[in-house]
Each structure stands twice: as structure tokens, then as C-alpha cells.
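Here is the structure we will look at, set down as C-alpha cells.
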């Protein structure tokens with residue numbers, strides 16, 4: 001199939017439809033409005049169903065119902081809306097339901113702004129809702145990668161019965177890039193014999209539930225989910241290492257920020273500074289092993305994490321490299337995007353201290 | 001010998017956890033009898049609330065989902081849109097439906113979601129220990145209205161059925177009571193009718209059931225039934241509030 005020029009948000013929606021998603025429940029919020037608009041138009045054409053819910057809270061609970069009924073289902077929103085969805089996300093994780101949640105992140109806290117940000121990292125990766133659980137968090141940096149990860153996200157969700165989040169930002173959602181919708185090799189997925197489809201007696205009665213009033217039963221339930229997380233860590237961790245082979249300083253960045261850092265590596269090379277980029281594609285599971293292995297190399301003198309936040313992923317980078325090398329941070333927040341020249345200046349400063 | 005009485009097939013064998021004198025058990029049975037009589041048990045998906053009926057998924061012998069507090073109508077919407085040919089019902093109390101889930105029930109009704117809601121109104125939060133509900137009567141004492149509910153500070157008891165009946169999407173809405181045999185029979189009829197309306201695809205259906213909470217009302221079961229008759233029915237008039245043609 002040939003490439004088409006598409007806006008990030010619309011590409012996400014089309015990718016979802018091509019991945020077999022037929023149900024979308026959402027609520028308007030900038031900067032992700034093109035996703036529900038596209039779904040509202042396209043889903044009825046392919047025998048699907050779009051519902052504009054009365055709130056994000058209702059939308060995520062509609063996702064719960066549809067996922068529990070066995071459908072491939074998604075919702076999308078942006079930061080303040082994702083905060084509202086946290087109740088449902090926790091229930092979905094507890095009841096082990098597969099679904100895709102897209103967060104086109106904007107600046108915060110509070111109503112914040114509508115410009116791109118990465119300040120929802122903690123919320124996405126460390127929990128967000130109550131209880132012991134994890135989302136699988138995918139962080140694309142191009143629209144092509146977004147499209148590829150949408151399909152992968154649905155597959156991961158179905159394979160492990162766990163909610164998956166695409167953590168984008170306003171930049172990825174709003175810009176246009178050429179994109180190809182590739183025929184992906186389908187995963188072998190387990191049958192959804194646990195879904196509420198009407199009970200004819202040919203399987204155990206389906207009960208979608210996250211309540212386990214006996215503490216021992218609840219602990220067993222959570223332990224089983226955490227065993228699943230170990231499998232996800234082993235099988236699904238994704239990271240890109242660029243230019244790291246002889247790097248003095250390794251910069252960690254994801255999503256839009258990683259694109260900027262990539263151009264900084266070239267600017268730095270022209271100045272004779274060797275910069276590598278480690279770009280986590282899965283933010284959970286986090287590629288801790290990869291970071292640690294680079295931290296063990298002698299040629300790597302320091303790490304810098306660049307984010308559109310006040311410093312969130314940097315905590316995971318610091319944990320991963322475990323004191324083997326110094327860990328620095330540079331970020332802009334509130335919808336401001338780091339400039340390549342400022343990142344380079346930061347690198348030169350670190351170089352002066354650590355080399 | 002012919003069997004004249006038996007447990008409906010649509011109820012499991014699990015012993016119910018409800019307090020003595022609570023009318024949840026009666027209403028569960030009425031819903032289950034309806035499912036049996038309409039022969040829809042294998043095609044029904046129920047949604048349990050948060051509240052006293054939270055374990056309803058253990059009692060109804062059909063596929064079930066347990067929803068977050070107040071969100072049952074949203075969960076039901078998700079299920080029904082995926083399986084439009086199945087029968088979907090929610091079972092919710094007054095705190096769940098009229099307080100935290102007020103938005104979800106209003107909009108599910110307004111969208112005309114083809115679901116049936118069984119709304120248990122006993123004028124109090126039961127599971128959490130007897131707090132004031134939106135349906136708590138004026139001057140009624142609860143643990144969070146210890147001096148009695150006052151209109152000036154706590155507002156008035158909400159008549160949900162009348163409110164929802166004003167919405168175009170609502171196809172069948174009736175308020176019933178289960179304080180005596182005659183009214184239980186009427187409640188059964190209403191529940192069956194609501195399910196029939198759903199199956200006919202007419203729109204949103206709801207039956208509000210005036211119920212008891214002897215434990216948190218601080219009354220005997222018999223006193224509770226009298227209290228429904230003497231205090232609740234005068235404020236919450238019984239009858240059909242909406243019946244689409």
C-alpha cells in the first residue's frame with residue numbers, strides 16, 4: 001500500500017479501524033478532537049459504533065462494558081480527560097480487560113494548556129488510578145510509528161488481557177506526515193471465552209469483576225496479574241538505541257522530544273561531541289536493562305534525560321543506571337518544546353563537568 | 001406430585017448476604033422469574049452496582065459485569081452497543097443511581113439505550129452504614145443527617161422516575177413497592193413489562209422499587225414495611241410514569 005499524508009490524530013483513528021477496532025467511546029477535548037470526529041464518520045461505514053459519552057468517566061466505563069462483552073474497543077482523550085478516566089482504568093486493569101486508551105498529552109496541571117507536553121508520564125507509567133496495576137504504555141515518535149503501535153497495542157491488550165495506553169502529545173496528534181498502513185502479521189491471540197456474550201452453559205458463567213472481598217483472594221489475584229507483567233516485561237519491551245556505540249553522553253528521550261534529540265546528535269557531532277540517543281518505545285515496561293548495559297560501558301560518561309516536563313522519566317533512567325554514571329535532566333514544560341540549541345548547550349555544560 | 005414453587009433458574013444457589021427483612025431478595029427473585037418466564041436467561045447480561053447489591057453477580061445465573069459506583073448505565077451502554085441482540089439490565093441502589101451515577105442514568109435514558117434498570121429506592125445508603133441518600137425523606141435521620149434531613153441544607157428527596165420520565169428516550173418507567181403481596185405482584189408485572197419493552201426495542205426502561213432497610217432504619221422488618229407504606233409512598237407515588245406507544 002502506498003503512503004498517504006495524514007494528521008496524527010486521524011492516522012491513529014484509521015489505524016485502529018484497520019486493526020479491527022469497531023467501538024469507540026469518547027468525549028471532546030483538545031488536542032485530540034480529530035480522533036472521535038474520524039471515528040464518528042468511519043465507524044458506521046464499517047459496521048461499528050461510535051458513542052459520544054456524557055463525560056470521560058462515562059466513556060471509559062462504556063469501554064469497560066464493551067471490552068467485557070468481548071469487543072476490540074478504544075477511547076482517546078487528553079490530560080485532564082485522562083485524569084477523569086482513571087477510575088475506569090483502574091477497574092479495567094483490575095477486571096483484566098483489553099482496550100486501547102490514547103492520551104494526546106497537553107500541558108498541566110489543572111486545565112493547563114493545549115500545547116504538547118509529556119507531563120503525564122508519572123500518571124501513565126506509575127499507576128494513575130488506585131491499586132497495584134500497570135498499563136502497557138507505548139510512546140511513538142513519528143506518525144508512522146504511531147500507526148504501527150496502535151495495532152500492536154490492541155494485540156498486546158488482547159494477548160495479556162491488560163489495558164494499553166498510547167502516550168502521544170499535542171505535536172504528534174496535530175502534525176501531518178506521510179504514513180503507510182502496513183498489513184501486519186496477525187498475532188495468535190487467545191479466545192475471549194471469558195467475555196459476557198450470553199451464557200449458554202458451554203463455558204463457565206462469565207463475570208467481569210474487580211471486587212475480591214477476601215484479602216487472600218485479592219492478593220492472589222494481584223499476584224497473578226503481576227506474574228503476567230513479568231511476561232510482558234520479557235516479551236514486549238521496546239527501545240531504540242541510536243548512535244550509542246561510541247557515545248560520551250547518552251541522552252534519553254521519548255516521543256516528540258526524541259525527534260529533537262536526534263537532530264541534536266548531528267549538531268553535536270559537528271562540534272566533535274559524541275552523543276547517543278536511547279529512546280524508550282515502551283515506557284512501561286521500561287527498558288531498564290538496556291540503559292544499565294550502556295551505563296556499564298567505559299566510553300559513556302554521563303546520562304541526560306530530556307522531556308517536555310519538569311522531570312518524570314528521568315527518575316526511571318536514574319533508577320535504571322543505578323549510580324553507575326551521573327544522571328542529568330533538561331526539560332521544558334507547560335506546552336513549551338525544548339530547542340535543539342538549548343539541549344546542546346546543556347550537553348556542553350554536562351561535558352564540562354563530567355568529562 | 002406437581003411442583004408448585006421453586007427457585008427460578010435465573011438465580012444461582014449462592015446464599016444471599018442481605019440483612020433479615022431487606023427486600024433485595026424479593027426483587028432479585030422478581031427479576032429472575034421474569035428472565036425465566038421470558039426465556040431470556042441465556043441471552044441476558046446483567047450489571048451489578050456498588051452498594052448492597054454489589055454481589056448480585058453471584059446471585060443472577062447469567063453473564064454479569066460488576067460496575068464502578070454509579071457507572072452501571074455506561075457499562076450497560078458499552079455492552080448493549082456490542083450485543084444489540086442481547087437483553088441488558090442494571091440493578092442499582094439510590095446512592096448509586098441518583099447521586100454518584102446521576103449523569104450516567106440521565107444520559108443513558110436520554111440516548112434511549114435499550115436497557116432495563118431496576119432501581120432500588122430505600123432512602124438510604126445501606127452497605128456503607130446508613131448515610132443520607134438523595135432519596136432520603138425530609139426529617140429522616142441517618143448517620144450523616146443526624147438531626148434529620150433539612151431542605152435548606154440538604155435539598156429535597158429526588159423523584160428520579162418522574163425526572164427520567166421527562167426524557168424522550170425513556171420508553172417505560174414505573175414506580176412500584178414491595179411492602180406487601182399485592183404490591184409485589186404489581187412490581188413483578190412492571191419488571192416484566194420493562195424487559196418486554198427493551199426486547200421490543202422501544203428505548204430505555206426503568207422500574208423504581210420502593211424498598212426497605214431495616215438495619216439502617218433501625219426498625220424491625222415489619223415496621224420497615226409499614227414505613228414504606230406510610231412514609232415513602234406518600235412522597236414517591238406509585239404508578240406508570242412513562243409508557244411509549
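Picking from residues in the stretch B:164-185 that are in a helix (DSSP H, G or I) and free of Cβ contacts under 8 Å to residues at least 40 places away in the same chain, the one that is nearest to residue B:223 (Cα to Cα) is B:181.
Which of the residues spanning the stretch B:101-124 are within 27 Å of residue B:234 (Cα to Cα), crowded, with 24+ Cβ neighbours inside 10 Å and within 12 Å of chain A (Cβ to nearest Cβ)? Before the answer, list the steps.
First, pick out the residues of the stretch B:101-124 that are within 27 Å of residue B:234 (Cα to Cα): B:101-103, B:105-106, B:109, B:116-124.
Still in the list and also crowded, with 24+ Cβ neighbours inside 10 Å: B:101, B:105, B:109, B:116-124.
If the condition is that a residue be within 27 Å of residue B:234 (Cα to Cα), crowded, with 24+ Cβ neighbours inside 10 Å and within 12 Å of chain A (Cβ to nearest Cβ), then B:101, B:105, B:109 are the ones that fit.
Does residue A:40 satisfy being within 14 Å of chain B (Cβ to nearest Cβ), more than 25 Å from residue A:333 (Cα to Cα) and in contact with a strand residue (DSSP E or B) (Cβ under 6 Å, 6 or more places away or on another chain)? The answer is yes for residue A:40.
Counting only strands (runs of 3 or more DSSP E) wholly contained in the stretch A:20-77, the ones carrying 1 or more residues that are closer than 17 Å to residue B:73 by Cα and at pLDDT 95 or above occupy A:23-26, A:49-52. Give the stretch A:51-72 a look and list any residue that's more than 7 Å from every other protein chain (Cβ to nearest Cβ) and surrounded by fewer than 20 Cβ atoms within 10 Å (Cβ to Cβ), or say none. A:52, the sole residue that qualifies. Considered as a group, the residues in the stretch B:199-216 that are part of a helix (DSSP H, G or I) and in contact with a strand residue (DSSP E or B) (Cβ under 9 Å, 6 or more places away or on another chain) include one that is surrounded by the fewest Cβ atoms within 10 Å (Cβ to Cβ), and that residue is B:199. Of A:109, A:80, all but one fail to be more than 14 Å from chain B (Cβ to nearest Cβ), within 21 Å of the chain's Cα centre (by Cα) and either assigned to a helix (DSSP H, G or I) or buried (at least 22 other Cβ atoms within 10 Å of the Cβ) (or both); the exception is A:80. Within the stretch A:275-307, the set of residues being surrounded by 20 or more Cβ atoms within 10 Å (Cβ to Cβ), closer than 10 Å to residue A:248 by Cα and free of Cβ contacts under 8 Å to residues at least 40 places away in the same chain comprises just one member, A:276.
Does any residue of the stretch B:6-27 turn out to be away from every other protein chain (no Cβ under 11 Å), without any contact (Cβ under 8 Å) to a residue 40 or more places away in the chain and in a helix (DSSP H, G or I)? Yes, the stretch B:6-27 has at least one match.
Could you pull out the residue among A:94, A:26 that is within 14 Å of another protein chain (Cβ to nearest Cβ) and under 22 Å from residue A:168 (Cα atoms)?
Details: A:94 fails: under 22 Å from residue A:168 (Cα atoms).
The conditions single out A:26.
Of the residues making up the stretch A:198-252, just one is within 25 Å of the chain's Cα centre (by Cα), more than 30 Å from residue A:65 (Cβ to Cβ) and surrounded by fewer than 13 Cβ atoms within 10 Å (Cβ to Cβ), namely A:234.
Which condition does residue A:104 not pass, out of (1) crowded, with 24+ Cβ neighbours inside 10 Å; (2) out of contact with any strand residue (DSSP E or B) (no Cβ under 6 Å at 6 or more places or on another chain); (3) outside any helix (DSSP H, G or I), if it passes all the others? (2) is the only condition that residue A:104 fails.
One line per residue, one yes/no per condition, for (1) out of contact with any strand residue (DSSP E or B) (no Cβ under 6 Å at 6 or more places or on another chain); (2) more than 30 Å from residue A:88 (Cβ to Cβ); (3) away from every other protein chain (no Cβ under 14 Å):
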residue: A:207; (1), (2), (3): no, no, no
residue: A:215; (1), (2), (3): yes, no, yes
residue: A:231; (1), (2), (3): yes, no, yes
residue: A:237; (1), (2), (3): no, no, yes
residue: A:261; (1), (2), (3): no, yes, yes
residue: A:273; (1), (2), (3): yes, yes, yes
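The values are calculated or read from the model by the stated rules, or taken from the named source; none is laboratory data. The structure displayed is predicted, hence computed values, not measured ones. Cβ: placed from backbone, ideal geometry, glycine included. Neighbour counts: every protein chain shown.
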